[in-house]
Amino acid sequence: MRLSRFYIPTLKEDPSDAEVVSHKLLMRAGMIRKVTSGIYNYLPLGLKSLNKVANIVREEMNRAYALEVLMPMVQPGDLWQETGRWDFYGSELLRVKDRHGRDYCLGPTHEEVVTDLVRGEVKSYKQLPLNLYQIQTKFRDEIRPRFGLMRGREFVMKDAYSFDKDEAGAEDSYRLMFEAYKKIFSRIGLRFRPVQADSGAIGGDFSHEFHVLADTGEDTIAVCMNEKCEYAANLEKAKVNAPADDSASKAECPAIEEIATPGTHTVEEVCAFLEISADKLVKTLLFNVDGEPVAALVRGDREINDVKLRNLMGGNEIDLASEDEVKEWTGAPVGFAGPVGLKVKRIFADHELCASTDWVAGANKGDTHIKHLSLGRDCKIEKFADLRVITESDPCPDCGGKIEFTKGIEVGHVFKLGEKYSKAMDATFLDENGKSKPMIMGCYGIGVSRIMASAIEQNNDESGAIFPPAIAPFELCLISLGGKDLAVGEKAEELYGQLMEMGIDVAYDDRKERPGVKFADADLIGYPMQLVLGGKGLKNGIVEAKNRKTGEKIELPLEGFAEAFTAWRAEIWQSWGLTL
Ligand code: ATP
Ligand code: MG
């Protein structure tokens with residue numbers, strides 16, 4: 001493409017509402033323009049990159065036997081009523097009425113529509129497995145749209161849905177998608193990690209998020225630093241193993257004693273007052289689980305993990321108790337709850353609490369705590385279980401290695417749905433014995449537009465973006481410094497023709513601009529390869545080649561250019577971990 005005929009409205013300044021680097025650079029490089037909050041136009045350059053991401057996704061989905069379809073963006077409310085999500089989904093679902101007053105919504109996801117499609121088509125086990133996917137615009141009325149394409153309200157997603165006749169088939173479908181995702185993110189050239197995520201009621205290891213590693217990510221993930229171990233999990237999911245030795249909890253412990261702790265409500269205040277460290281204290285948290293009071297105990301310096309508690313409660317909704325409930329169940333103001341004498345039938349404790357005894361806890365009495373608490377002796381714990389959030393000082397639950405927290409951007413999610421939608425919507429088939437059964441489903445999303453942004457979050461410098469070659473809007477920028485030197489212009493034209501013939505996606509900067517402008521634009525946009533042809537080079541029979549990522553420049557001979565260029569190009573791709 002000749003840049004003299006292309007439209008790239010670059011900006012000198014960062015837009016005032018842009019907080020993260022990808023948002024700034026996508027705007028400044030003339031790739032996107034804001035229409036309104038969380039909604040963008042893709043300009044020609046931006047769309048080129050988006051399409052490259054989409055095509056890699058498409059190729060790998062096709063290879064994994066997923067079949068491309070296109071479902072509507074506008075969906076009838078009736079379908080959402082069938083699954084109960086019309087009421088449950090909340091304000092992210094944009095609801096509209098048609099001229100007859102009927103309910104519709106803009107699709108934030110397509111489980112309802114795809115299940116409706118498949119129940120109308122598939123009748124027999126012979127038609128299964130089936131995996132349908134689409135690459136399409138989604139709408140979610142996000143509470144805080146921000147960071148440009150990272151969290152838009154309208155965004156492009158690939159969503160796939162698998163249908164199987166039994167559990168084993170569903171697990172195969174899941175694995176096939178998991179492997180396809182690894183190929184997709186590798187081919188795009190991103191540093192990423194598959195991360196275990198909570199699979200709620202389904203249980204097992206059937207929910208993985210794929211995270212692009214970048215300091216600016218919104219999510220924190222726990223990653224094992226042992227090179228031989230692949231453990232990575234989001235904080236909701238990350239397991240903490242039970243202590244190996246629980247003998248200390250059975251040690252002698254004096255009888256419980258009350259101590260006055262006037263005006264101390266928080267763990268910090270209690271510890272400061274009693275001059276103890278927080279790991280000597282048991283924190284008692286109260287929850288309302290379907291109307292029933294439940295207490296959960298964790299060490300004073302730990303955070304309760306709500307998702308782990310919810311799963312322990314069979315996946316029921318759990319709510320932190322209100323102030324009134326706390327007062328009713330403890331008989332004391334907030335801040336003095338403890339496991340002894342609590343009006344709560346079920347008490348669960350984090351299994352770390354088995355490793356010690358002689359605790360301090362709330363006394364269920366205003367301005368009072370107890371000391372010398374032995375959990376086994378003084379209260380009835382229904383179960384010791386993994387209930388807290390992992391920390392960086394915990395060992396890896398798989399190999400015992402060192403855990404570190406890293407920031408990640410969620411770019412994909414594979415998830416086993418089981419029978420949730422097929423049961424609710426009666427999507428059944430006849431098995432080998434003529435018996436009617438609900439199909440077993442999985443769903444698999446990729447944030448196509450978010451990938452573009454996360455590629456920049458991961459790869460940029462003070463001059464601009466640095467695109468991985470496979471998804472760069474153009475793989476190469478050929479800069480002609482011809483000016484009045486007609487011979488340079490002629491040779492640049494010739495090189496351009498040659499590169500086009502070689503099938504290279506090249507941006508040919510033939511604009512009548514100063515060299516400085518051309519260099520700055522090329523760096524800002526972040527083409528991974530630049531070729532610069534000037535008068536001096538032409539005289540010496542060379543063209544300068546720059547690797548945008550490393551800044552390294554080499555000279556390629558004009559004589560035998562094709563061969564030298566091909567070798568250089570392979571090196572550049574290799575530096576991104578990619579083979580051509
Ligand atoms: P998040 O936790 O970031 O809101 P999600 O769990 O809601 O993501 P899914 O419903 O699993 O996301 O959607 C599949 C993929 O779509 C995500 O992995 C992400 O890459 C992308 N995605 C989700 N919401 C947005 C958004 N508001 N803007 C851009 N991409 C998004
Ligand atoms: Mg979301």
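Here segment 220-253 is the region considered, the condition is being open to solvent by 70 Å² or more (accessible area, probe 1.4 Å), out of contact with any helix residue (DSSP H, G or I) (no Cβ under 8 Å at 6 or more places or on another chain) and not hydrophobic (A, V, I, L, M, F, W, C), and the residue that is farthest from GLY200 (Cα to Cα) is GLU252.
Considering only residues that are among the hydrophobic types (A, V, I, L, M, F, W, C) and within 13 Å of ligand 2 (Cβ to nearest atom), look in segment 107-146 and name the one that is modelled with the lowest pLDDT. Only one residue fits best here, namely ILE143.
Residues are listed down the side, and each one gets a yes or a no for (1) exposed (fewer than 15 other Cβ atoms within 10 Å of the Cβ); (2) β-branched (Val, Ile, Thr); (3) without any contact (Cβ under 8 Å) to a residue 12 or more places away in the chain:
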site	(1), (2), (3)
ASP378	no, no, no
LYS383	yes, no, no
ASP386	no, no, no
SER393	yes, no, yes
PRO397	no, no, no
ILE403	no, yes, no
THR406	no, yes, no
HIS413	no, no, no
LEU417	no, no, no
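Against the list (1) open to solvent by 30 Å² or more (accessible area, probe 1.4 Å); (2) within 16 Å of ligand 2 (Cβ to nearest atom), the condition VAL195 fails is (1).
Filtered by the rule that a residue be within 16 Å of ligand 1 (Cβ to nearest atom) and either more than 21 Å from ARG153 (Cα to Cα) or not in a loop (DSSP other than H, G, I, E, B) (or both), segment 84-103 gives ARG85, PHE88, GLY90, SER91, GLU92. Annotation note: Cβ proximity below 6 Å between a residue of segment 87-104 that is open to solvent by 60 Å² or more (accessible area, probe 1.4 Å) and at pLDDT 95 or above and a residue that is within 16 Å of ligand 1 (Cβ to nearest atom) and part of a strand (DSSP E or B) (sequence gap 6+ or interchain) occurs for ARG95/CYS105. Looking across LEU70, LEU117, LEU79, one residue alone is open to solvent by less than 50 Å² (accessible area, probe 1.4 Å), away from ligand 1 (no atom under 16 Å from the Cβ) and either under 21 Å from TYR421 (Cβ atoms) or in a strand (DSSP E or B) (or both). It is LEU79.
Of all the listed residues (ALA64, ALA29, ALA54), the sole one being in contact (Cβ under 8 Å) with a residue 24 or more places away in the chain, within 30 Å of LYS435 (Cβ to Cβ) and not charged (D, E, K, R) is ALA64. Given the structure, is TYR89 within 16 Å of ligand 2 (Cβ to nearest atom) and farther than 30 Å from ALA470 by Cβ? Yes; evaluated as a whole, the condition is true for this residue.
Could you list all residues from segment 555-580 that are outside any helix (DSSP H, G or I) and open to solvent by 60 Å² or more (accessible area, probe 1.4 Å)? Walk me through it before giving the result.
Taking segment 555-580 and keeping what is outside any helix (DSSP H, G or I), we get 555-560, 576-580.
Result: GLU555, GLU559, GLY577, THR579, LEU580.
Residues that are open to solvent by 60 Å² or more (accessible area, probe 1.4 Å), in a helix (DSSP H, G or I) and at pLDDT 95 or above do occur in segment 25-48.
This table checks each residue for (1) among the hydrophobic types (A, V, I, L, M, F, W, C); (2) assigned by the TED database to the domain that holds THR261; (3) within 16 Å of ligand 2 (Cβ to nearest atom); (4) not in a loop (DSSP other than H, G, I, E, B).
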{"site": "PRO339", "(1), (2), (3), (4)": "no, yes, no, no"}
{"site": "PHE348", "(1), (2), (3), (4)": "yes, yes, no, yes"}
{"site": "GLY366", "(1), (2), (3), (4)": "no, yes, no, no"}
{"site": "VAL411", "(1), (2), (3), (4)": "yes, no, yes, yes"}
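Filter segment 138-158 for residues that are open to solvent by 50 Å² or more (accessible area, probe 1.4 Å) and among the β-branched types (Val, Ile, Thr) and give the result. Result: ILE143, single match.
Given the structure, is ARG144 without any contact (Cβ under 8 Å) to a residue 60 or more places away in the chain and either assigned to a strand (DSSP E or B) or within 16 Å of ligand 1 (Cβ to nearest atom) (or both)? Give the derivation first.
On the way: without any contact (Cβ under 8 Å) to a residue 60 or more places away in the chain: yes; either assigned to a strand (DSSP E or B) or within 16 Å of ligand 1 (Cβ to nearest atom) (or both): yes.
It is true that ARG144 is without any contact (Cβ under 8 Å) to a residue 60 or more places away in the chain and either assigned to a strand (DSSP E or B) or within 16 Å of ligand 1 (Cβ to nearest atom) (or both).
The values are calculated or read from the model by the stated rules, or taken from the named source; none is laboratory data. Treat the numbers as computed from the prediction; the structure is a model and nothing was measured. Please note: Cβ atoms are built from the backbone with ideal geometry, for glycine as well, and neighbour counts cover all protein chains shown. Accessible surface areas use protein heavy atoms only, side chains included; no ligands, DNA or RNA. Shrake-Rupley method; radii C 1.70, N 1.55, O 1.52, S 1.80 Å.
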